[in-house]
Amino acid sequence: MYNILFIGENLSLIYKIVNYVSAEISNCRLYAINNTQEGSLKTISSCVPDIIIIDYNSKNISSDIILDYIEIHKLNKYYNSVINISISPIVNSKIIKRQFKSRYICISDNFYNLKKELQDIMNYTNITKIEKINNEMKKIKYNFSYVGTKYLSDCIYLCSMIRSLNNINLNKQIYPIIANKYHKSINSIKTNIIRATTNMYYDCDEETLSKFLGYKFIYKPSLKEIIIRIINNIDKV
């Protein structure tokens, strides 16, 4: 689920967009609406929202200040996920060139262009997140020649979409989704993930694994511990 932060003073327009996005894109939801500059920067600094939509026509909120804040503080989570919207065409000469991509669209007629931009961001984010997950798994010697490693990569990706992982039940909440994707039984998914993880324990030396987890262990860490650590690591990147 993608959390969207709306920034702007035209609440009527924002509510129309919220209703449209809710109806058209099932995996997007409203995280917050900020109608002040200070409130917007505070919310952005938390790095909780996944996508930021800014009303470019707001009188007391500067899109440039918000984008400067993202650039100065190197909040790379938002380097491809900020959309500036306007009810009138945006003059290109007023757009400041930056080190990251900021999207500008006119929504005078309808919100279809906004839908396309949101879908593009989500597709890009999905690919990037999977690459990050795989890179983290390679650090602790997960072998991608095992099918269970691929299943686990999907498992971690699905878990990363859940706000709290403390009480997650992999058998009931995650493995059935992966089993359906690959047309396998839940038991097959679980068995192959366990096999891949067992081989990781043999291939990865204790010092490397301890450094990765951030603590020394007596007993081998659980699969859930590894999943949570990988998710925490990719969220920091």
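The values are calculated or read from the model by the stated rules, or taken from the named source; none is laboratory data. Source: prediction; values computed, not measured. Glycine also receives a Cβ, built like all others from the backbone with ideal geometry; neighbour counts cover every protein chain displayed.
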Quiz item: Among all residue pairs at least 6 apart or on different chains, which show Cβ distances below 6 Å where the first residue, located in segment 207-226, is exposed (fewer than 14 other Cβ atoms within 10 Å of the Cβ) and the second is of a type in the set (S, T, N, Q) and at pLDDT 85 or above?
Solution: LYS216/SER210
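Every residue, every condition in (1) out of contact with any strand residue (DSSP E or B) (no Cβ under 6 Å at 6 or more places or on another chain); (2) more than 23 Å from ILE234 (Cβ to Cβ); (3) at pLDDT 85 or above, yes or no:
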| residue | (1), (2), (3) |
| --- | --- |
| GLU117 | no, yes, yes |
| ASN123 | yes, no, no |
| ASN126 | yes, no, no |
| PHE144 | yes, no, yes |
| THR149 | yes, no, yes |
| ASP154 | yes, no, yes |
Exercise. Take the residues in segment 198-237 that are over 25 Å from the mean Cα position of the chain (by Cα) and of a type in the set (Ser, Thr, Tyr), then tell me which one is nearest to LEU170 (Cα to Cα).
Key: THR198
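Filter segment 33-68 for residues that are assigned to a loop (DSSP other than H, G, I, E, B) and more than 23 Å from SER164 (Cα to Cα) and give the result.
Restricting attention to segment 33-68, the residues satisfying the condition of being assigned to a loop (DSSP other than H, G, I, E, B) are 35-36, 46-50, 56-62.
Correct list: ASN35, THR36, TYR56, ASN57, SER58, LYS59, ASN60, ILE61, SER62.
Looking only at segment 10-29, decide whether some residue is assigned to a strand (DSSP E or B) and either among the aliphatic types (A, V, I, L, M) or surrounded by 16 or more Cβ atoms within 10 Å (Cβ to Cβ) (or both). If you could, list the steps in order and put the result at the bottom.
Initially, segment 10-29 is screened for residues assigned to a strand (DSSP E or B), giving 28-29.
Those left that are additionally either among the aliphatic types (A, V, I, L, M) or surrounded by 16 or more Cβ atoms within 10 Å (Cβ to Cβ) (or both): 28.
Looking for residues that are assigned to a strand (DSSP E or B) and either among the aliphatic types (A, V, I, L, M) or surrounded by 16 or more Cβ atoms within 10 Å (Cβ to Cβ) (or both), one finds at least one in segment 10-29, hence yes.
Looking only at segment 1-15, how many residues end up being within 19 Å of ARG103 (Cβ to Cβ) and free of Cβ contacts under 8 Å to residues at least 40 places away in the same chain?
Within segment 1-15, the first condition is being within 19 Å of ARG103 (Cβ to Cβ), and the residues that meet it are 2-8, 10, 13-14.
Filter again for free of Cβ contacts under 8 Å to residues at least 40 places away in the same chain, leaving none.
Matching residues across segment 1-15 total 0.
Let's see how each residue does on (1) closer than 30 Å to ILE178 by Cα; (2) assigned to a strand (DSSP E or B); (3) small (Gly, Ala, Ser); (4) in the same structural domain as SER210 (by TED's automatic domain parsing):
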| site | (1), (2), (3), (4) |
| --- | --- |
| ILE70 | no, no, no, no |
| ILE83 | no, yes, no, no |
| ILE90 | no, no, no, no |
| LYS101 | no, no, no, no |
| ASN113 | no, no, no, no |
| TYR151 | yes, no, no, yes |
Quiz item: Somewhere in segment 131-143, is a residue outside any helix (DSSP H, G or I) and of a type in the set (D, E, K, R)?
Solution: yes
Practice problem: Name the single residue, out of those in segment 169-197 being modelled with pLDDT under 95, closer than 15 Å to ILE227 by Cα and surrounded by fewer than 16 Cβ atoms within 10 Å (Cβ to Cβ), that is farthest from the chain's Cα centre (by Cα). | Solution: ASN171
Quiz item: Which pairs have Cβ atoms under 9 Å, sit 6 or more apart or on different chains, and link a residue in segment 127-138 that is free of Cβ contacts under 8 Å to residues at least 12 places away in the same chain to one that is among the aromatic types (Phe, Trp, Tyr)?
Solution: LYS138/PHE144
